[in-house]
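The numbers here are math on the coordinates, done by the rules we state, and not lab data. Not measured: the values here are computed from a predicted model. When we count neighbours, we look across all protein chains shown, and the Cβ atoms used for this are built from the backbone with ideal geometry, even at glycine.
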Amino acid sequence: MSQPSTADMWTYDCDNNEHLIDGNNSSNETHLFVDGVGDSVNTGTELSDVNDGQNSAATSAGSNINNEDKGGSENINGEEKLGRGHRIKMPSTKLKGFVTHANHHLSLVDGPLLSEPEKYRRLVGRLIYLSVTRPELSYCVHMLAQFMQQPRLPHWEAALRVVKYLKGNPGQGIFLRADSDLQLYAWCDSDWASCPLTRRSLTGWLILLGNSPISWKTKKQHTVSRSSAEAEYRSLATTTCELKWLKELLSFLGVSHQRPMKVYCDSQAAMHIAANPVFHERTKHIEVDCHFVRDELLCGNISTHYVSTRTQLADIFTKALGKQQFDYFLGKLGIQNLHAPT
């Protein structure tokens, strides 16, 4: 009798907030209990271990609710209510189809300072939390979070634009497909010297498990890159680190990953540096990253593949896009609107 595949060996049973992952491996039987409370995850091989963690988290969450504003939002008389006693007036304008203007200059705007910066901080804080399950918000939330200390009126208007986008797409979110091949695929990109104040580049990556997005990030690089190839290569190295971590996590859950993890990049220069064992004068300043990615290529952990800029999925994490490109990448990311007619 043939051995069942890894996908067939795992079953998922959901009961309220508890998620049971039951994995059978020949004569051994493993039960992994995963339970989510708020923004924390409790795991254990026995259900009692998870219940103990759940009770502890619930007690901590209860004390935090008494001391802080309650989360959630509701609409009252045209106002968006964020927590207890905090409301945002939403003008009756057309809902937005995409989150950020393609040619924004938020880092250089010189509008008046907000008289109540706390409301901006509360709103952006909630958007940061929401971006955990809404990949398309990563770039705009990254931009808005940079002005927490001294937010100005244009920053507030940009944040309200995101709220209008969310109100127009209430059922939109990531779709985890059941027919996944349980293989990891990564898309990485960078926007060279995108910050006009520091001239640091922006890194963006997306990692799919089969056709389902499981990890994504928008982050400013730690140092200034002297060329676009250097910025792309740093993005490639950061994405490789995330892939290695996810591969170990899947191995812990009993999912083997024998084939090389595919990494899609739109910079041929970065791919040539990764494949070339000779380090020239122009690449010595990124030699550590070169060695790291090169070793992973030689070990067969990753394989690099070129993709054109037009089909680079990570573009949505590094720059503001127009509506046509934004909608195209949303479909490719596996983001669907549950309220949309079928």
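What the table shows:
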quantity	calculated
Single match in Phe317, Phe292, Phe326 (criterion: among the aromatic types (Phe, Trp, Tyr) and crowded, with 21+ Cβ neighbours inside 10 Å)	Phe317
Residue in the range 176-198 that is touching a residue at least 24 places away in the same chain (Cβ under 8 Å), β-branched (Val, Ile, Thr) and assigned to a strand (DSSP E or B) present	no
The range 291-342: number of residues that are more than 25 Å from Arg177 (Cβ to Cβ) and of a type in the set (Lys, Arg)	3
Some residue of the range 224-242 being touching a Leu at 6+ places or on another chain (Cβ under 6 Å), within 23 Å of Gln312 (Cα to Cα) and either without any contact (Cβ under 8 Å) to a residue 60 or more places away in the chain or assigned to a loop (DSSP other than H, G, I, E, B) (or both)	no
Scan of the range 199-223 for residues that are in a loop (DSSP other than H, G, I, E, B) and either small (Gly, Ala, Ser) or farther than 16 Å from Cys241 by Cα (or both), ordered by number	Arg199, Arg200, Ser201, Gly210, Asn211, Thr223
Search result, residues across the range 250-264 that are outside any loop (DSSP other than H, G, I, E, B), surrounded by 11 or more Cβ atoms within 10 Å (Cβ to Cβ) and out of contact with any helix residue (DSSP H, G or I) (no Cβ under 7 Å at 6 or more places or on another chain)	Leu250, Ser251, Lys262, Tyr264
